[in-house]
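Read through the structure below, which is laid out as structure tokens, and then see the notes.
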Amino acid sequence: MKMENFTETNEINELFDLFTYNKGASMARMLSGFLNENLFIGALKSYLETFSYSNAEQDDLWRHFQMAIDDQSQIVLPATVKNIMDSWTHQSGFPVVTLNVSTGIVKQEPFYLEKVKNQTLLTHNATWIVPILWIKSGTTQSLVWLDKSSKVFPEMQVSDFDHDWVILNLNMTGYYRVNYDKLGWKKLNQQLEKDPKAIPVIHRLQLIDDAFSLSNLQEFGHLNIPN
């Protein structure tokens, strides 16, 4: 991370605005989500004890989490903790992750609050290392990772002729929006109309939140959100 010298108090304050703290909290929650609570707390405790009377940098925190990962074999990551977290902390914004349930293809792209009119913004080829906790028809599935712009997960496929449905970002621990193809939204709508309680409350809220945020992009005319 590039180090800069600041001479004015307001320059320093700008580094620690509400957005910075919110993103930091979201990063911690996501990290805890793809690890486990004991591992997360243990690594954090080790870090705090080591640097209780001295200054620390971001990489020091990741190093303590990596040490905790290396001391066990149950959790396997697709990259080092530093590489995973740097993909989130060293670039602005966050992605929208889109699942095509017909093909099982999951892709990521930068999320914009409105339709991008400036084409130069579209050349921003940001890629995050995205942890995806997910459920299929109410059953929690194994964690998968989207570590490139797109990837195929056959286990996420559903057919128009079955009763399965898929929701990504279990318990909303990931720092990203989620979108689905037309069939994916259709299957979720059908389940909500048939038995809404089959989808946990947090995910019903998540679907509404993502749908309305994404609707600003004018790409989601097929959405039909039940009451």
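Each value in this text was obtained by applying a stated rule to the coordinates, not by laboratory testing. As the structure is a computational prediction, the values presented were derived from the model and not from experiment. Here Cβ is always computed from backbone atoms with ideal geometry, including for glycine, and neighbour counts include all displayed protein chains.
Within the set K148/K187; K136/K197; K23/K151; K107/K187; K148/K182, which residue pairs have Cα atoms separated by over 21 Å?
Values: K148/K187 27 Å; K136/K197 15 Å; K23/K151 26 Å; K107/K187 19 Å; K148/K182 23 Å.
Too far apart for the 21 Å limit: K148/K187; K23/K151; K148/K182.
For each of F153, F212, F65, F161, count neighbouring Cβ atoms within 10 Å of the residue's Cβ, then give the residues from fewest to most.
Ordered from fewest to most neighbouring Cβ atoms within 10 Å, F153, F212, F65, F161 come out as F161, F212, F153, F65.
Let me understand segment 95-215 better: what is its radius of gyration from the alpha carbons, and its Dmax, in angstrom?
Calculated on Cα positions, Rg and Dmax stand at 14.3, 45 Å.
Cut-off is 10 Å between beta-carbons; in what order do W165, W88 appear when sorted fewest neighbours first?
Ascending Cβ contact count within 10 Å gives the list W88, W165.
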